[in-house]
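To start, the structure itself, in C-alpha cells.
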Amino acid sequence: MDFLTLFAIYVVVVLACIVLVCKYSGQQQSPFTCLWDSLAKVFGPITPKWLQRFSQRAMHKLFHQRSNMFIYIHILLEIAVYAEFTYEVFGYCREMDTTLASLSVPYVLLALKTLFFYLCIKRDPGTVTKKKVDGQLQIYPYDGRLFHPGVSCPTCQLLKPARSKHCRVCNRCVQRFDHHCVWVNNCIGFKNTRYFLLYLFSLSAMAGAIALLTGDMLFHAVLRSGLLHASYLDENGQQKAAGPLFVVQHLFLTFPRIVFMLGFLVFIFFLLAGYALFHTYLALINQTSNEWYKDRGYICQHCQPVTADHLCSMSPDHSKRHFYSKGFPQNIGEIFFPPQTIHKKDD
Ligand SMILES: *[C@@H]1O[C@H](CO)[C@@H](O)[C@H](O)[C@H]1NC(C)=O
Ligand SMILES: [Zn+2]
Ligand SMILES: [Zn+2]
C-alpha cells in the first residue's frame, strides 16, 4: 500500500511542523527556544554560512519582530478550507439530505471566530504606560516569589506591576502578561485574554464542525457505494471481503481533496482543542502561561539575562501552585471582567 506509506510520511511531517510552530508561538523563552539554540549549536558547523544567516534572519523576522505573516497564513488556510467546503462538501451534503441548519453552523462559527480574532489583534492587551502605571500597580499585589515590588523594566523605565512582563517582540511591558501570540501578532494579557479564549474555542469548534459534516458525508458516500459488502478475488482466486483499507483507498481516489482536508481538520481540531483546554485550565486556576512556566522552573538560563525575578524561578515550588486561586467562578470572572483601576482613563 504505497499511498498509505506516503500518507503516513505526510502526517508525520505536518505534525512536526505544526508542533514546532505552536511551540514557537507560545513562550519566547520556553524550553523549545533553548532546544532550537542547542540544535543550532550542534548543526551550526556543518551548515553553510549563507543558510545559517538566512535561517537566522527568517527566525528573527518571524518570531522576534512584529509581523503579520501568521495572520496571512491563518486567513489563507481558512479560505482554502471554506472554499473546499462550500464548493464540494456542501453540494454532496445537500444530496445526502443534510439539513441547511447544520450546514450553516460552520458559517456562523466563522463569523464569531472572525470577530474574536479581530478583537485579539486590535485590542490593547494592557500595555504599561507612564500615564497608567500608577493605577496598574494597584491591581495585583506582589507575591514576593515570582514578582517583587520596586523592580523596574530596564527598557520601558517604568515600575513593573505584579504579573506583568516585558514583551521583547512588541517592546513594551504588558499587564498580566500571558504570552506573545504570533498568530494574532499581539501579546495576550490583562485585557484580551478573554478574546483569546473565545477565539480558541470558536476556532476549535469551527474545525470540529466542518470535520463532522465532512466525515458524515464521506460515511454516507461509503454506505451508498456498497463497498462494505463488496468482495474481490485475490491472486489465488479466492473470494475476500473488501476491508477498511479498500474503503479508505476508494475514498482517497474518489474525493482526494475532501479526504485531505478532513485529515488536516481532524489533526488541527485535536491540537486546538488541547491548547484551548490548557488555556481554560490556566484561566480556572488564575495563572498566566508566563507564571505557569516560571512556576515549573522552565525558564532557561541561557535565553534570559539573570534578573532578580528570574533567579527566584530557578527552584520550582510546587506546594504553592494554586496559591492565588479564589475559586473557579471568580477566576473566570476576573478574566472576563478585569478589575478596574482607580483612575479610569483606559481605552
Ligand atoms: C488572581 O491572582 C492574583 C495574584 O496573582 C490575585 O491578586 C487575584 O485576587 C486572584 N484573583 C482571583 C479571582 O482569585
Ligand atoms: Zn518593559
Ligand atoms: Zn508582544
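The values are calculated or read from the model by the stated rules, or taken from the named source; none is laboratory data. Please read all numbers here as calculations on a predicted model, not as lab measurements. Reconstructed Cβ throughout: ideal geometry from the backbone, glycine too, with neighbour counts over all protein chains shown.
Among what's in the stretch 120-146 and is within 13 Å of ligand 2 (Cβ to nearest atom) and hydroxyl-bearing (Ser, Thr, Tyr), pick the residue that is nearest to residue 176 (Cα to Cα). My answer is 127.
Just one of (1) within 13 Å of ligand 3 (Cβ to nearest atom); (2) touching a Gly at 6+ places or on another chain (Cβ under 9 Å) fails for residue 166. It is (2). Does residue 149 count as near ligand 2 (Cβ under 9 Å from one of its atoms) and assigned to a loop (DSSP other than H, G, I, E, B)? When the stated conditions are applied, residue 149 does not pass them. Kindly indicate whether residue 192 is over 17 Å from residue 102 (Cα atoms), free of Cβ contacts under 8 Å to residues at least 40 places away in the same chain and within 16 Å of ligand 3 (Cβ to nearest atom). So residue 192 does not fit the description; no.
Is it fair to say residue 94 is more than 21 Å from the chain's Cα centre (by Cα), assigned to a helix (DSSP H, G or I), surrounded by fewer than 16 Cβ atoms within 10 Å (Cβ to Cβ) and among the basic types (Lys, Arg)? Please lay out each step first, then the result.
On the way: more than 21 Å from the chain's Cα centre (by Cα): yes; assigned to a helix (DSSP H, G or I): yes; surrounded by fewer than 16 Cβ atoms within 10 Å (Cβ to Cβ): yes; among the basic types (Lys, Arg): yes.
Judged against the criteria, residue 94 is a match.
Just so you know, in the stretch 152-177 the residues that are among the basic types (Lys, Arg) and not in a loop (DSSP other than H, G, I, E, B) include one that is nearest to ligand 1 (Cβ to nearest atom), and it is 165. Just give me the residues in the stretch 154-177 being surrounded by 17 or more Cβ atoms within 10 Å (Cβ to Cβ) and either among the hydrophobic types (A, V, I, L, M, F, W, C) or at positive phi (or both), in sequence order. Listed by number, the residues that qualify are 156, 158, 159, 162, 163, 167, 169, 173, 174, 176, 177.
In the set (1) in contact with a strand residue (DSSP E or B) (Cβ under 9 Å, 6 or more places away or on another chain); (2) basic (Lys, Arg); (3) modelled with pLDDT of 80 or more, the condition left unmet by residue 240 is number (3). Checked against (1) more than 16 Å from ligand 3 (Cβ to nearest atom); (2) more than 22 Å from residue 340 (Cα to Cα); (3) basic (Lys, Arg); (4) touching a residue at least 24 places away in the same chain (Cβ under 8 Å), residue 94 passes all but condition (4). Looking only at residues of the stretch 178-214 that are in a loop (DSSP other than H, G, I, E, B) and more than 16 Å from ligand 1 (Cβ to nearest atom), we find that the one that is surrounded by the fewest Cβ atoms within 10 Å (Cβ to Cβ) is 185. Taken over the stretch 188-205, the residue count meeting the criterion of being within 15 Å of ligand 2 (Cβ to nearest atom) and at pLDDT 95 or above is 0.
Evaluate the following for residue 203: is it out of contact with any strand residue (DSSP E or B) (no Cβ under 7 Å at 6 or more places or on another chain), under 24 Å from residue 95 (Cβ atoms) and of a type outside the set (Val, Ile, Thr)?
Values: out of contact with any strand residue (DSSP E or B) (no Cβ under 7 Å at 6 or more places or on another chain): yes; under 24 Å from residue 95 (Cβ atoms): no; of a type outside the set (Val, Ile, Thr): yes.
In short, no.
Matching residues to (1) modelled with pLDDT under 85; (2) surrounded by fewer than 17 Cβ atoms within 10 Å (Cβ to Cβ); (3) among the aromatic types (Phe, Trp, Tyr); (4) over 30 Å from residue 211 (Cα atoms):
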residue	(1), (2), (3), (4)
256	no, yes, no, no
265	no, no, no, no
298	yes, yes, yes, yes
344	yes, yes, no, yes
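Within the option set 237, 243, 208, being of a type outside the set (A, V, I, L, M) and in contact with a helix residue (DSSP H, G or I) (Cβ under 9 Å, 6 or more places away or on another chain) holds for one residue only, 208. Listed conditions (1) over 22 Å from residue 120 (Cα atoms); (2) within 26 Å of the chain's Cα centre (by Cα); (3) at pLDDT 80 or above; (4) not β-branched (Val, Ile, Thr) are all met by residue 69, apart from (1).
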